[in-house]
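What follows is a single structure, written as structure tokens, with notes after it.
Each value in this text was obtained by applying a stated rule to the coordinates, not by laboratory testing. The structure presented is a predicted model; accordingly, all values stated were derived computationally and were not measured. All Cβ positions, even for glycine, are placed from backbone atoms using ideal geometry, and neighbour counts span all protein chains on display.
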Amino acid sequence: MRIETKNVYRIMKIPSNIQDIINELADQYLENDRYNRPWIIGFSGGKDSTVLLTLTWLAMKQLQAEGHTLTRHVYVVNNDTLVENPVIEEYVTGVLNTIQQAAKQQELPITVKMTTPQLEDTFWSCVIGKGYPVPNNTFRFCTEKMKIKPTSTFITTQVAADGEAIVLVGTRYDESQRRSMSIKRHEIKGHRLSKHPLNANTFTYAPIKSLMTEEVWWIINAIPSPWGFDNKILFNIYKDASADDYECPTVVTDDSHKSCGQSRFGCWICTVVKDDKSMNQLIKNGISWMQPLLDFRNRLAENRNKSENRCSTRRNGQLAVDENGHNMGNYTMEYRIQILRELLQIQKDTQQYRSSIDLITSQELVAIQVIWYRDGNFTTTVNDVYNEVYGYDMPNDNITLQERILLEKACSDSNHYRLIQELLALQKNKVLLMKKQGLQNDLEERINDFVKSTSK
């Protein structure tokens, strides 16, 4: 006989429809499949992913209480875009640490995994490094590079290790008409699992699809967190950031997921939305140190399409000038340098209030320098800008002191000395990105540019 979860946790009586979901999760967990396919839960820390993990956790505890051996592994996957809202990032970090500790203490086969974009795909590597214009509704590189790709890579890796995997998603009919239609389109009548449209040998399972928003909040407020975190913190974050009731998905399973433009808790720098209601509300509710971040985000949005900030060509060399002579290509090097200077200044000022906050990582700074070298910029370096703001150099020397002395002795011509320095910088920084593809072309282009400049 099924042991009700309320007897396990001694909480108030769970409504029958919610208990039915827990029972269904338990039955699906015990499903005898040939691979014992692991479950993957995309966990953003928002209300829906929290409820999904809560009910999954309760189902596993229910099975444990019934004497079942829990052999199917569950991966709780959180994707850090590196530009998450700092308030949310702090909350999610605490939750994930608690989940991992509680799973170990309760002897549950649950593992927390963090994913991040590849260094060359981060927001600042793309915008400041490559000169991508900040995202809008028609040009949204961020979702693919920063969310879909890292999580899909983890799923693919896990599938390769286990043969198949099942992705549990927190999508619900109640979220929107479009989302409801999408769920119904992909589900197979009479079956809980659907084929994942993006990842081979991967299935999706949407156990909370029938829950109304009011029921989601009931679970958060009425059922104590099974991993021991205070759900009131999450409730208060939503209350303080009251805006569009939607969260940016971690696991993308269909076309309706690909837009984070209405995201409540997305990236603090998101320029897809016209007005960041959540950040505005957080500031109104006392988190005043975020005001410079919001102002900076707004400036980036306002300056996006100014012709003087854009090149006449795209990165591939394709002409990008509209019928009015307006430049529509990537950002100019001058504007990229300006963005970096402003970002570092805001980071420095913000660290006076929140010392733990890094708006840009040191690895990204190195990656940006790599890209600038590849783009032929050897005049203003990332270190120059960093030194200007912070008053000291960042640890980013491309050649050692001994190498520099030998070069100076070997090169009578200062132009030759500078050229060799630049070639060494290209080679060494290419290695830092662990992507040597294209290095020969970069070196040849730099030498050709040098020959042309000296022959004039």
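Work through the residues other than Gln28 whose Cβ is under 12 Å from its Cβ and net out their charges, Lys, Arg +1 and Asp, Glu -1. Could you put the intermediate results ahead of the total?
On the way: positive: Arg37, Arg72, Arg192; negative: Glu24, Asp27, Glu31, Asp33.
With Lys, Arg at +1 and Asp, Glu at -1, the neighbours total -1.
Relative to the present Cα-Cα distance, how much length would full extension add between Glu31 and Gln318 at 0.36 nm per residue of separation?
Values: separation 287, 0.36 × 287 = 103.32 nm, distance 5.37 nm.
Stretched fully, the Glu31-Gln318 segment lengthens by 97.9 nm.
Along the Cα→Cβ direction, 7 angstrom out, place labels at Ser355 and His326. What is the inter-label distance in nm?
4.7
State which entries of Lys145/Lys348; Lys47/Lys147; Lys113/Lys149; Lys274/Lys306; Lys113/Lys348 exceed 21 angstrom in Cα-Cα distance in the structure shown.
Check vs 21 Å cut-off fails for Lys145/Lys348; Lys113/Lys348.
May I ask for log10 I(q)/I(0) of segment 35-141 at q = 0.15, 0.19, 0.23 Å⁻¹, from a Debye sum over the Cα atoms as equal point scatterers with solvent left out?
Treating every Cα as an identical point scatterer, log10 I(q)/I(0) equals -0.74, -0.99, -1.26.
Once a ≥ b ≥ c are taken as the square roots of the eigenvalues of the Cα gyration tensor of segment 277-390, is the result rounded (a/c under 1.5), prolate (a/b larger than b/c) or oblate (a/b not larger than b/c)? Present the calculation step by step, with values, prior to reporting the outcome.
Values: a/c = 2.93, a/b = 1.41, b/c = 2.08.
Note, shape of segment 277-390 comes out oblate.
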